[in-house]
1. Looking at (1) within 30 Å of N221 (Cα to Cα); (2) in contact with a helix residue (DSSP H, G or I) (Cβ under 7 Å, 6 or more places away or on another chain), find the lone condition where L359 falls short.
2. Please verify whether G280 is part of a loop (DSSP other than H, G, I, E, B), closer than 23 Å to G236 by Cα and away from the ligand (no atom under 12 Å from the Cβ), treating the condition exactly as stated.
3. Could you list, in sequence order, the residues of the stretch 224-240 that are open to solvent by less than 10 Å² (accessible area, probe 1.4 Å), under 15 Å from the mean Cα position of the chain (by Cα) and not small (G, A, S)?
4. Looking for something in contact (Cβ under 8 Å) with a residue 24 or more places away in the chain, surrounded by fewer than 22 Cβ atoms within 10 Å (Cβ to Cβ), over 30 Å from Y61 (Cα atoms) and in contact with a strand residue (DSSP E or B) (Cβ under 8 Å, 6 or more places away or on another chain) - is there at least one such residue anywhere in the stretch 195-203?
5. Taking the stretch 248-273 as the search range and keeping residues that are open to solvent by less than 20 Å² (accessible area, probe 1.4 Å) and over 19 Å from R191 (Cα atoms), which one is farthest from the ligand (Cβ to nearest atom)?
6. On the basis of being modelled with pLDDT under 95, within 30 Å of E346 (Cβ to Cβ) and either in contact with a strand residue (DSSP E or B) (Cβ under 7 Å, 6 or more places away or on another chain) or surrounded by fewer than 15 Cβ atoms within 10 Å (Cβ to Cβ) (or both), does N119 make the cut?
7. For G299, are the conditions met, namely being touching an Asp or Glu at 6+ places or on another chain (Cβ under 9 Å), over 25 Å from S333 (Cβ atoms) and within 14 Å of the ligand (Cβ to nearest atom)?
8. Is it the case, given these coordinates, that S333 is open to solvent by 50 Å² or more (accessible area, probe 1.4 Å) and polar (S, T, N, Q)?
Amino acid sequence: MKRSITQFLILLGAVTLACATLTSAPTAIPATATTLPPSPTAAHLTEAEIIKGIQKSLNIYANAYAENDIELLATVIDPDNKPFNRFIKTRFRTEQEGYDGNRTEDTYLVDYIIQREYNLVQAHIIYDEVAAVDWVFRDLQDGTWVLTEPTVEQTGQVMVRNTEYFTFRTYPWADEVNAQVESLMQNARDRVKAKLGKAPDERIEVEIIPTYGLYPHDDPNVVAYYRFNGALNGVGDRMVIYAPNSYLFGWYYNEFGWEIDLENVLTHEYTHMAHQRSFGNEGSMADWIVEGLAEYVDGIDRAYDLVDAFENDEMIPLVDETGSKQDLANIYSLDTGVSLAYAEAEAVVAYIVNVRGGLDGFWRLAKAYNDSNGNLDTALRNTYNISQKEFEAGWKDWLKTVYLPAYTK
Ligand SMILES: [Zn+2]
C-alpha cells in the first residue's frame, strides 16, 4: 500500500526533527578539510543531460531504500567525501530501522537544477507532487552523478553578524537563504515569548551549517541542538541548525516551502534556551518535561505517531516500572520510538496546560518533580493532590476524548 504523503514526511521528518539539548560541550571538533579530486567541468553537458544523469542516480537511491540495500546506496553517494558518505549511511540505517526494510519504492523526480560553483549541481527534487528537497550532486566523470555536499573549503569562510539577541554564524555557500534564516530566528524568539510569557535577554550564537563536514563528529541523527554554556551572561550558549537547501535539512512541503519547517525547528531550540535561561530549567530531570515543552511551543506536528500507538496500545510509558528506563523520563536513552516519545511528551504537556492549571500548573509540577528528586508520583501528589495512576488515567482519557479526535478530524 502506498503511504500517504503525511506519513512519508513524518517518516523522514522523524529523524530530521529530532533534537538534542546538550548540557555539556558537544564533541564538535574543528573540521578537517576534505579535498576532493578536481572535477573537470560538466559544462560540456546540456542541462537536459545533467538532469537525466541525476534522475538515474535518484532512481538507484530510491531502489536502495526499497530493497534495503546499503551497497546499492553507496554507488550513488560521493565516495571521496567521507563525512558526508558516513552521514548518509547512518541516516539510511536509522530510517530503515523504523521501517523494517519493507518499503515501497518511492519515485523522486528532478524538478529543476541550479548549477553552482565547483561544478556542483543543486537539484530541486519532488516526491509525489507534494514533498521537496534540494540536494547537491557532482559528476564522477564516468556518467555517474553522486549525491554530495560542498567540502569545508567550498562552504567558505564563516561570516559573523550580531543582532540584539543573536550572533549569527553563516557560510557563503548558503548565502541565498542566510538573511531569511535570520528573520525566521527572530520570529521564533517572538513566538516563544508570546507562548511562554518570557524570553531570554542573553544573546545566543546561532550557526547555520550547510554541510555535515563542518562538524563531522556531531550525531548524524540530530538536525539541531541547543547547548547551554552555564555562563551567567549567556556567553557560549549556542544553537546549531542544518541549513535549508541541504541534504541535511530533509523534506518539506513543496507548496509551502522550507521556511515554516525551519522556523518551527528554531522555535523548538529556542524554547530550550528559554527553559534554561528564563525558567531556571525547572523539571529538567525528566526528558518529557524538557522536550514536551519544546514540542508544545514549536508547532511541529507528530501526532500521527501518537494516533497509531494509542490505537495499538504501543505507547511508551510515562514511567517504566521494570526499571529499564525505556520511558518518557529517559527519552534520550530510548532504544526505539524517539519521535513517538516526543509526540507523547507534547501531549502530556498539552494535557497539563489544558486540564491542570495552564502553564502555571506545568511549572509547578516541573519544580515539584526536581524537588522530589525525579519521583513523579510524589511530585503529582504535591502539586495536584493526585497519584501517578490517577494522572495517567486522566491523561489517557483526555487523549481519547479530546486530543486525538481533534487531530484526526
Ligand atoms: Zn529538543
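The values are calculated or read from the model by the stated rules, or taken from the named source; none is laboratory data. Bear in mind the structure is a predicted one, so any value in this text is a computation, not a measurement. Neighbour counts run over all protein chains shown; Cβ positions are idealised from the backbone, glycine included. Remember, those area values only see protein heavy atoms, side chains included, never the ligands or the DNA or RNA. Shrake-Rupley method; radii C 1.70, N 1.55, O 1.52, S 1.80 Å.
1. Here L359 meets the rest and fails (1).
2. Judged against the criteria, G280 is a match.
3. Our first condition is that a residue be open to solvent by less than 10 Å² (accessible area, probe 1.4 Å); within the stretch 224-240, this holds for 224, 226, 234, 237, 239-240.
Now restrict to residues that are under 15 Å from the mean Cα position of the chain (by Cα): 224, 226, 239-240.
Correct list: Y226, M239, V240.
4. Yes; the residues of the stretch 195-203 include at least one that is in contact (Cβ under 8 Å) with a residue 24 or more places away in the chain, surrounded by fewer than 22 Cβ atoms within 10 Å (Cβ to Cβ), over 30 Å from Y61 (Cα atoms) and in contact with a strand residue (DSSP E or B) (Cβ under 8 Å, 6 or more places away or on another chain).
5. Result: G257.
6. Details: modelled with pLDDT under 95: yes; within 30 Å of E346 (Cβ to Cβ): no; either in contact with a strand residue (DSSP E or B) (Cβ under 7 Å, 6 or more places away or on another chain) or surrounded by fewer than 15 Cβ atoms within 10 Å (Cβ to Cβ) (or both): yes.
No; evaluated as a whole, the condition is false for this residue.
7. Numbers: touching an Asp or Glu at 6+ places or on another chain (Cβ under 9 Å): yes; over 25 Å from S333 (Cβ atoms): yes; within 14 Å of the ligand (Cβ to nearest atom): yes.
When the stated conditions are applied, G299 passes them.
8. Numbers: open to solvent by 50 Å² or more (accessible area, probe 1.4 Å): yes; polar (S, T, N, Q): yes.
Criteria met by S333.
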